[in-house]
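Heads up: the structure comes next, in structure tokens.
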Amino acid sequence: MSRLLAVAGVAAIVLLSACAPAVAHAPAAAVVHAAAVSGTVTGKLQMEGGPISPGGQQPGKRPVPGTVRFTSAHQHPVTVRVGDSGAFSVQLPAGTYAVCSRSPAAQGPCAQARRVTVRARHTIKIAFTFIVP
């Protein structure tokens with residue numbers, strides 16, 4: 001058991017030291033400031049509807065893969081790839097974003113475009129449901 005803990009400790013130190021050069025040149029205040037002015041957006045992509053089953057029911061909501069793109073006036077667009085779980089999470093600088101989702105399950109260049117306001121140190125939840133006839 002102690003050997004396992006020692007190996008885990010060494011692995012943690014190696015991983016942390018590998019990340020250190022990426023942040024070492026930034027002043028500590030800048031790193032803290034960046035975290036303080038960021039917020040988190042979590043959400044999911046899902047599909048509802050589709051061919052009627054033999055029991056006469058349309059399928060309910062289910063997760064789908066795709067992308068979600070966040071665009072603000074002051075930042076470069078941020079595109080988040082969404083896997084089969086349909087879930088996503090992204091940290092963004094505080095501000096207002098135009099949000100567009102896409103999925104192979106939906107037609108068109110942008111489904112359900114909307115605006116989202118990200119507040120520092122807050123999490124906002126959004127969901128995109130693609131309706132399939």
Search region 97-133 for residues being of a type in the set (S, T, Y) and surrounded by 13 or more Cβ atoms within 10 Å (Cβ to Cβ), and hand back the single one that is nearest to V41 (Cα to Cα).
Y97
Write out, first by first residue and then by second, each pair whose Cβ atoms fall under 6 Å of each other, whose residues are 6+ apart or on separate chains, and whose first residue, in region 120-133, is closer than 26 Å to Q107 by Cβ while the second is assigned to a loop (DSSP other than H, G, I, E, B) and of a type outside the set (D, E).
F130/S103; F130/A105; F130/A106; V132/G50
From the options V37, V10, V14, residue that is modelled with pLDDT of 50 or more and either among the hydrophobic types (A, V, I, L, M, F, W, C) or in contact with a Cys (Cβ under 8 Å, 6 or more places away or on another chain) (or both)
V37
Checked against (1) under 30 Å from I131 (Cα atoms); (2) at pLDDT below 80, L5 satisfies every condition except (1)
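The values are calculated or read from the model by the stated rules, or taken from the named source; none is laboratory data. Note that this is a predicted model, so its numbers are computed, not measured. Backbone-built Cβ (ideal geometry, glycine too); neighbour counts: all protein chains shown.
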